[in-house]
Structures are given as C-alpha cells and as structure tokens.
C-alpha cells in the first residue's frame, strides 16, 4: 500500500505561466495630393492663392508621410522594447519550473491490446529518437558532461526525503509547524508546486493518527525513460527535465493516539518521477509525478500549453505524487 491510497484529493497552488506575444507591423506608402485642372476655372487674382494652396496641400502630404514614417519607427522601437521585456525562461528560478508537459511514458505491452503493439513499438522507437536528439542538443549547446548515475542517486535521495518530511508533517497538529517542516526539509530539494501539494495533503491527514513511512529497498535499477531539454527565447538549452522510473518496496504504518497500530502494510510501488535540472550548477529538484500513457495516445500530448488555465491545472495536478492513477479511477467508475 502506498501513500496515494490514503489521500485522494488535494488543494493546488498556482504557477506563473510564461507566454510570448507576437507583433505585426506594416509600412504606409506615401500618397502625393495635388490640385488638377483648376487654373483655367478661377480668376487670375486667385491664381496666387491657388498656388499657395497647392503648395500647402503638397507640403501637408509630405508632413503626413513623414509623420507616418516617424510613427512606424516609433512602433518598431516600442515593439523591440516589448520583445526585450518578454519573459525568458532562463531568468526563471529552477524551483518555479514545474512539470512542463504531459510527457509520453510507454505503456506496458501486457496491459495493452495485442493489436496496438505495432503502434506501441513505433512510439518507443520515436521516443528513443527524441531522447537521443535532446542528449545531442545538451552536449552541443551546454558542453556539460552527462551524469546519469549522479542524477539517479540524487533523485532517490530527494524522493526519500520528500516522503519522510511529509510523514513528519502529518504527525503535527498546527499548520505553522507543518509548513516549517516541509519548507525547511525540502528547500532546494523539491519545486514550489511539489511543496505546496505536500502541504495541502498533510492538512487532510487525521489529527489523532500518526504516520510512518519507510523505504525497504529499491527493487530495480532506476531508469531515465524521458530526457528533454528546455530552451530559452533563443532556442538554446537552459534546463533539463527528465522522468525517472523507480520501482521500490515501501512500508506504511498508521497508529492511533494511543500508539496502537491500526494499519501496517508493505507494497511494491512503481513511480515515474519528474525532475528539473540546472546543468550548470547541477541543482536537481523533484517537481512531480506522471503515469503510464494509454495505448491510444501518441507522443504528442492533448494538453494545450497555450491555454493558461489548463496549463495551471496540469501543473498543480502533476505536482501531487500521492494522487491516484486516472486510468484506475476510470476503471473503478466503469465497474
């Protein structure tokens, strides 16, 4: 039994979403105005006035053209200034970088219909190609060595620390103490959305109970199944977000206020943990968790990243590692 079976809902927090505006400008062509065929239709005494009027109107067209050019130049300048002010992900602190997409996670063949296996094989090959491309971009643009083993070790440490900190926070009655425990223990270990999700989960734990979490063993070697570089406005890789598959055996113990064990169980847990990485200083943060994709969807997610509300909802959802697999929830409802 894992912690996700104890808690089913959470209160999310918000994230600031990045968005680039686009601008379009067009240049106006000058139009020269003139008086045509009026000299023979007015008295001589008015000819001088007509010439003056013609001169004024001609100069007026020139001034209008110059004003339009000036306005266009001003608009171009303002657009350049606005472009310079556009948010750059390289200026975003790493702990604000939540799960950036609903990444594709290959489903198991045993859980998929046989007729879908050819498509699943093609998607696995395509995912391998995308991972290879991201690794090449990482080496070419960052020039920093890949340290997969180090990242795996740090990722496991972050996972253990997050679960133990959550259990300790659940055992406290006051909200302020819960906040202090989670923030102090998980600062520079987890992202802010992850920390907020843990805090909201701890508030739903019964006050008269005590929770203990223990990692018994790692059942399989951790695997990085998805590797994605995150570029800045110039298309140069700045951060990395990868998914690590972790199979572990865990023990959950719940005691009542009299210190009597009410529930104790060991279970094997498979997690697809999402990490954000700063390759320069090697800062690694646990930011969320995803589940295996179904056999229907392709590599591209249905998530609309340009939709602010939808993206914020996904960031809050992915940060909660104790939520149930939506596929399991759907099957329960159907049954």
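Remarks
- The order of 248, 268, going from fewest to most other C-beta atoms within 10 Å of their C-beta, is 268, 248.
- Gain in span if fully extended, residue 135 to residue 88, counting 0.36 nm per residue against the direct Cα distance: 14.7 nm
- Cα gyration tensor category, rounded, prolate or oblate, for region 164-290 with a/c compared to 1.5: oblate
- Listed by Cβ neighbour count within 10 Å, with the fewest neighbours leading, 193, 188 appear as 188, 193.
- Inter-centroid distance (Cα atoms) of region 201-273 relative to region 145-189, Å: 10 Å
- Protection proxy ranking for 201-209, 97-105, 255-263, using the average of other Cβ atoms within 10 Å per residue and placing the highest first: 97-105, 201-209, 255-263.
Each reported figure results from applying straightforward, stated rules to the coordinates on display, with no laboratory input. Please read these numbers as outputs of a predicted model, since none were measured by experiment. Every residue, glycine as well, gets a Cβ built from its backbone with ideal geometry; the counts of neighbours run over all protein chains shown.
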